[in-house]
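Below you'll find the structure, written out as structure tokens, and then a few comments.
The values are calculated or read from the model by the stated rules, or taken from the named source; none is laboratory data. Because the structure is a prediction, the values reported are computed rather than measured. So basically every Cβ, Gly included, is an ideal-geometry build from the backbone, and we count neighbours across all protein chains shown. SASA here: full protein model, heavy atoms, side chains in, ligands and nucleic acids out. Shrake-Rupley method; radii C 1.70, N 1.55, O 1.52, S 1.80 Å.
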Amino acid sequence: MSSVFIFQNMFDILLDEEMEKDKREKAANNLIVLSREDAGAERIFQNNGVALLLNMIETGKPEMILAAVRTLSGMCTGHKARVSKENKSRKVIMAVDNEEIALATCNLFQCINDSLTGGDTREYGKEEALVMDAAKDLKTILLSLLEMLTSKKVSGHGRDQALNLLSKNVPRRDKKEKNHSRTLFTIDHGLKKILKVCGQVTELPDQLPLTENTQLIASVLLNKLYDDLTCDPERTNFKDICNEYIKSKIDPNDMDKTIHAINTISGLLQGPFDVGNALVGQQGIMEMMVALCGSEREVDQMIAVEALIHASSKMSRASFIITNGVSLLKDIYKKTKNERIKIRSLVGLCKLGSAGGDDYSLRQFAEGSTEKLAKQCRKWLCNPQIDTKTRKWAIEGLAYLTNDADVKDDFVEDEPALKAMFELAKSKDKTILYAVACTLVNCTNCYEKKDIIPELVQLAKFSKQHVPEQHPKDKKDFIEKRVKRLLKAGVTSALAVMVKADNAILTEQTKELLARVFLALSENPRDRGTIVAQGGGKALIPLALEGTDAGKVKASHALAKIAAISNPEIAFPGERVYEVVRPLVSLLHTDRDGMQNFEALKGLTNLAGYSEKLRVKILKEKALPEIENHMFEEHDQIRRAATECMCNLVTCKEVQDRYLEDGNDKLKLLVLLCGEDDDELQIAAAGALAMITAAQKKLCSKMTQVTTQWLEILQRLCLHTNPNVQHRGLVIVYNMLDSDDSELAKKLIESEMLEILSVIGKAADNPKRQEPIDTARTCLVKAMDLGLIKPFTSPS
């Protein structure tokens, strides 16, 4: 009875309009927290909670709707039976024009979907019959989402979230999975609806409500659906539906319908390019685009020029447009007084002008033309009176033009233009992310480069083949200057905001570009503090965990560089530091290059020295065998870094147990590394040996059995000129004297070690060598306690 009263009381507070705002907020938060615990969720459910939550939604107040939706999400997570019951009273509230509510409802749908598709492994007994109907519920959800796409009652935010849910849940996450029936069902029942969303032109009357990001999210969904198809007949069906849709919309007597068709093609060109490209290649489409460029209506010109820009994304298409479209775009650029058309035609020229990439000898336009185009782009970018959508196209232009080293050098010199780009990157319009990422990749020269083999260059010249030339301003010192200027302008904080964008827009390719930029920025150790201060450490973690393989490796490498020299508490605050371990361990594999191995080891060494919990996490990620492998490495720096990492891990019981095991050479290797001529390697190896022999006394006698050189190596450590090496050697001697092995202690004292200890111990106090002197004296005292030597007495 008491639990019923408590829940009723909470709902009474929430539904009482006269109640104080603070009390209502507290009740809402308590409800959300309870719903996330299984017992609390069940109590809400049993006490007629769903009906009361629906009452809260019906109030129409944003804060009430938000609290109710979040509570329902908690109740649905991982519970099929509860979802099945709740599904009967589910209402689509994603249509509300409130971004926060749309996002929360999207999360509720995701929880329902995850629970119905196997995120729940409970045994239900009597309720099992309810659970069996999951397929029907999933189909209902899918049809509801597709219906939302073309409903005018749905807000732009709601439509975006419906597209996001389809992107996340329809295509297979793993291509090894054979069942892709959801994709085929979506194409049959919803492809035309997605194409309709793609073709919406906000400037025309009677259009669906959209946000700045809707078309791009729809393009990403189209691309994912097309990629998920497994055979040619399925792809042909996809193309046929698109073709049929476009043909049905092109009408010479209705320009609004024709523009819709051209804008749909633009959407396809940004998604499954091959499908869009095939449509552009059809008779009459390119002619229609060119004709629209000459229309008197601004919207016609704008859509046609944008379609031309997207159509020239591939070199083969660009060559056709270079011959047919450059004069047209120049004509529009010169004649139009409308800034929005002017900027788009300029971007078309920029794109065509950069068709040769960074090859200095393949410039499309005359010397100086690209710099003039770039200057105009920068001018528009810095003009706050131009709307965001139009300024976005200035960045699109720069994304192409910065292939030219003169342009990228001028751009980074223009701090207001850089800052304007970073501000736009932080804005709500996320369609800009890819262009910003491309521009930054070009400015930092971190794109994939092929190794140039001199012999092949000579051969190419001899056979009169084209050989790419490097621009003088693409050399290392110019790149370093550009990186400095980008950091000064605040590039890291812009990247940190970009990384937080929704996955539907922040595609895996964009993530890879951002990871490349981060790696280029963190190349110089002196710049890494700036990156950490602007939130770069935290921003890198998601890039290292999700994305393309190449992107994850680049982000992990940048993380390793930062982790190697930063205080983990500052660089990765809170629990985030534990997420850094896995990306670093992934760089230890032998298929990674030596620099990645080395910097990952340095990063792990720093983390292992920070806390016991981090050391345990490193071991849990199975890093130990990889670190041990690198201790055998021939490369001096990698071997030293691995030994330093091991030195910080030997305090763990699991590591000590591995050294106690018989049948391996782990202890022998550690002893032999103490005898190398590299001071830093000796410090690490002797430090590890000192700590491990202090913790496990059995290892003192085992050490003498693994190699006959043990005494000679120990004596060399104790006689070393470097006090850090000498101190560690003397600690090992003390551990051996203190090991309860009287034979071993006797053997040590009977050797030349006694003389070495006496010489060091009798030395006058010296602040620079005090630690070795004090340790030698402690060893002599221990030897006296064991009765192996007598105290020195001067003659009376």
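Kindly establish whether residue 305 is modelled with pLDDT of 80 or more and out of contact with any Ser or Thr (no Cβ under 9 Å at 6 or more places or on another chain). So that I can check it myself, show each step before the final result.
Working: modelled with pLDDT of 80 or more: yes; out of contact with any Ser or Thr (no Cβ under 9 Å at 6 or more places or on another chain): no.
For residue 305, the condition - modelled with pLDDT of 80 or more and out of contact with any Ser or Thr (no Cβ under 9 Å at 6 or more places or on another chain) - is not met.
Hey, residue 588 hits all of (1) in a helix (DSSP H, G or I); (2) open to solvent by less than 20 Å² (accessible area, probe 1.4 Å) but one; which does it fall short on? In the conditions (1) in a helix (DSSP H, G or I); (2) open to solvent by less than 20 Å² (accessible area, probe 1.4 Å), residue 588 misses (1) alone.
Might you check whether a residue that is under 20 Å from the mean Cα position of the chain (by Cα), at pLDDT below 90, over 22 Å from residue 582 (Cβ atoms) and not in a helix (DSSP H, G or I) occurs anywhere in segment 475-488? Within segment 475-488, none of the residues are under 20 Å from the mean Cα position of the chain (by Cα), at pLDDT below 90, over 22 Å from residue 582 (Cβ atoms) and not in a helix (DSSP H, G or I).
A residue that is under 26 Å from residue 658 (Cβ atoms) and among the basic types (Lys, Arg) cannot be found anywhere in segment 737-748. Going residue by residue through segment 592-612, is there one that turns out to be of a type outside the set (Gly, Ala, Ser), surrounded by fewer than 21 Cβ atoms within 10 Å (Cβ to Cβ) and in contact with a Pro (Cβ under 8 Å, 6 or more places away or on another chain)? Among the residues of segment 592-612, at least one is of a type outside the set (Gly, Ala, Ser), surrounded by fewer than 21 Cβ atoms within 10 Å (Cβ to Cβ) and in contact with a Pro (Cβ under 8 Å, 6 or more places away or on another chain), which makes the answer yes. How about segment 606-615: which of its residues are part of a loop (DSSP other than H, G, I, E, B) and in contact (Cβ under 8 Å) with a residue 12 or more places away in the chain? Result: 609, 610. Looking only at residues in segment 553-575 that are part of a loop (DSSP other than H, G, I, E, B) and not aromatic (Phe, Trp, Tyr), the one that is surrounded by the most Cβ atoms within 10 Å (Cβ to Cβ) is 566. Screening segment 517-546 for residues that are assigned to a loop (DSSP other than H, G, I, E, B) and under 15 Å from the mean Cα position of the chain (by Cα) and picking the one that is nearest to residue 438 (Cα to Cα) gives 546. Sort through 644, 633, 676, 680 and tell me the only one that's of a type in the set (D, E, K, R), closer than 28 Å to residue 719 by Cα, within 36 Å of the chain's Cα centre (by Cα) and at pLDDT below 90. Only one candidate passes the filter, namely 633. Just a yes or no: is a residue in segment 288-297 surrounded by fewer than 20 Cβ atoms within 10 Å (Cβ to Cβ), among the basic types (Lys, Arg) and in a loop (DSSP other than H, G, I, E, B)? Scanning segment 288-297 turns up at least one residue that is surrounded by fewer than 20 Cβ atoms within 10 Å (Cβ to Cβ), among the basic types (Lys, Arg) and in a loop (DSSP other than H, G, I, E, B). On the given criteria, is residue 478 among the aromatic types (Phe, Trp, Tyr) and farther than 24 Å from residue 597 by Cβ? Judged against the criteria, residue 478 is a match.
In segment 616-631, which residues are acidic (Asp, Glu) and either closer than 21 Å to residue 673 by Cα or not in a loop (DSSP other than H, G, I, E, B) (or both)? Answer for segment 616-631, where residues must be acidic (Asp, Glu) and either closer than 21 Å to residue 673 by Cα or not in a loop (DSSP other than H, G, I, E, B) (or both): 626, 628.
Could you say whether any residue in segment 50-60 is open to solvent by 40 Å² or more (accessible area, probe 1.4 Å), modelled with pLDDT of 70 or more and of a type outside the set (Phe, Trp, Tyr)? No, segment 50-60 contains no residue that is open to solvent by 40 Å² or more (accessible area, probe 1.4 Å), modelled with pLDDT of 70 or more and of a type outside the set (Phe, Trp, Tyr).
Number of residues in segment 429-461 that are modelled with pLDDT of 65 or more and either in a loop (DSSP other than H, G, I, E, B) or in contact with a Gly (Cβ under 8 Å, 6 or more places away or on another chain) (or both): the value is 6.
Considering only segment 508-538, how many residues are open to solvent by less than 10 Å² (accessible area, probe 1.4 Å), small (Gly, Ala, Ser) and at pLDDT 90 or above? Explain how you work it out, then say what you get.
The first filter runs over segment 508-538 and keeps only residues open to solvent by less than 10 Å² (accessible area, probe 1.4 Å), leaving 510, 514-515, 517-518, 521-522, 531, 536-537.
In the following step, the residues that additionally are small (Gly, Ala, Ser) were identified as 515, 522, 536-537.
Going one step further and asking which of them are at pLDDT 90 or above, we end up with 515, 522.
Qualifying residue count for the region: 2.
Say whether the condition of being at positive phi and not hydroxyl-bearing (Ser, Thr, Tyr) is met by at least one residue in segment 779-787. Yes, because at least one residue in segment 779-787 is at positive phi and not hydroxyl-bearing (Ser, Thr, Tyr). Residue pairs, Cβ under 9 Å, 6 or more apart or interchain, first in segment 568-588 and at pLDDT 90 or above, second part of a helix (DSSP H, G or I) and among the acidic types (Asp, Glu). List them. As it stands, the answer is 584/599; 585/626; 587/599; 588/626, since those pairs meet every condition given.
Here residue 510 meets each of (1) over 10 Å from the mean Cα position of the chain (by Cα); (2) within 22 Å of residue 419 (Cβ to Cβ) with one exception, condition (1). Filter segment 678-730 down to residues that are crowded, with 20+ Cβ neighbours inside 10 Å and polar (S, T, N, Q) and give me whichever is nearest to residue 640 (Cα to Cα). Result: 682. Taking the criterion of being closer than 21 Å to residue 686 by Cβ and within 28 Å of the chain's Cα centre (by Cα), the residues of segment 611-630 that qualify are 615, 624, 627, 630.
Residues checked against (1) free of Cβ contacts under 8 Å to residues at least 60 places away in the same chain; (2) open to solvent by 20 Å² or more (accessible area, probe 1.4 Å); (3) under 20 Å from residue 258 (Cβ atoms); (4) in a loop (DSSP other than H, G, I, E, B):
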residue	(1), (2), (3), (4)
177	yes, yes, no, yes
189	yes, yes, no, no
201	no, no, yes, yes
207	yes, yes, yes, yes
210	yes, yes, yes, yes
215	no, yes, yes, no
222	yes, no, no, no
226	yes, yes, no, no
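Please work out if residue 675 is touching a helix residue (DSSP H, G or I) at 6+ places or on another chain (Cβ under 6 Å), more than 19 Å from residue 602 (Cβ to Cβ) and in a loop (DSSP other than H, G, I, E, B). Answer is yes for this residue. Taking the criterion of being of a type outside the set (A, V, I, L, M, F, W, C) and within 14 Å of residue 512 (Cβ to Cβ), the residues of segment 531-563 that qualify are 542, 546, 547, 548, 549, 551, 552, 554, 556, 557.
Taking the condition in a helix (DSSP H, G or I), more than 21 Å from residue 699 (Cα to Cα), polar (S, T, N, Q) and in contact with a helix residue (DSSP H, G or I) (Cβ under 6 Å, 6 or more places away or on another chain), does residue 724 pass? In short, yes.
If you check residue 618 against the conditions, is it open to solvent by less than 50 Å² (accessible area, probe 1.4 Å), closer than 19 Å to residue 689 by Cα and without any contact (Cβ under 8 Å) to a residue 40 or more places away in the chain? Steps first, answer last, please.
On the way: open to solvent by less than 50 Å² (accessible area, probe 1.4 Å): yes; closer than 19 Å to residue 689 by Cα: no; without any contact (Cβ under 8 Å) to a residue 40 or more places away in the chain: yes.
In short, no.
Only residues that are within 15 Å of residue 714 (Cα to Cα) and either polar (S, T, N, Q) or open to solvent by 70 Å² or more (accessible area, probe 1.4 Å) (or both) were counted across segment 745-780, and they come to 6. Of the residues 251, 256, the single one that is open to solvent by 50 Å² or more (accessible area, probe 1.4 Å) and either in a helix (DSSP H, G or I) or at pLDDT below 90 (or both) is 256.
Among the residues making up segment 668-677, those that are over 21 Å from residue 654 (Cβ atoms) and surrounded by fewer than 17 Cβ atoms within 10 Å (Cβ to Cβ) are 672, 676, 677.
Taking the residues in segment 381-419 that are assigned to a loop (DSSP other than H, G, I, E, B) and closer than 18 Å to residue 517 by Cβ as candidates, determine which candidate is least open to solvent (accessible area, probe 1.4 Å).
Within segment 381-419, the first condition is being assigned to a loop (DSSP other than H, G, I, E, B), and the residues that meet it are 382-387, 402-404, 414.
If we keep only those that are closer than 18 Å to residue 517 by Cβ as well, we get 402-403.
On the way: 402: 0, 403: 35 Å².
Ranking the qualifying residues of segment 381-419, first place goes to 402.
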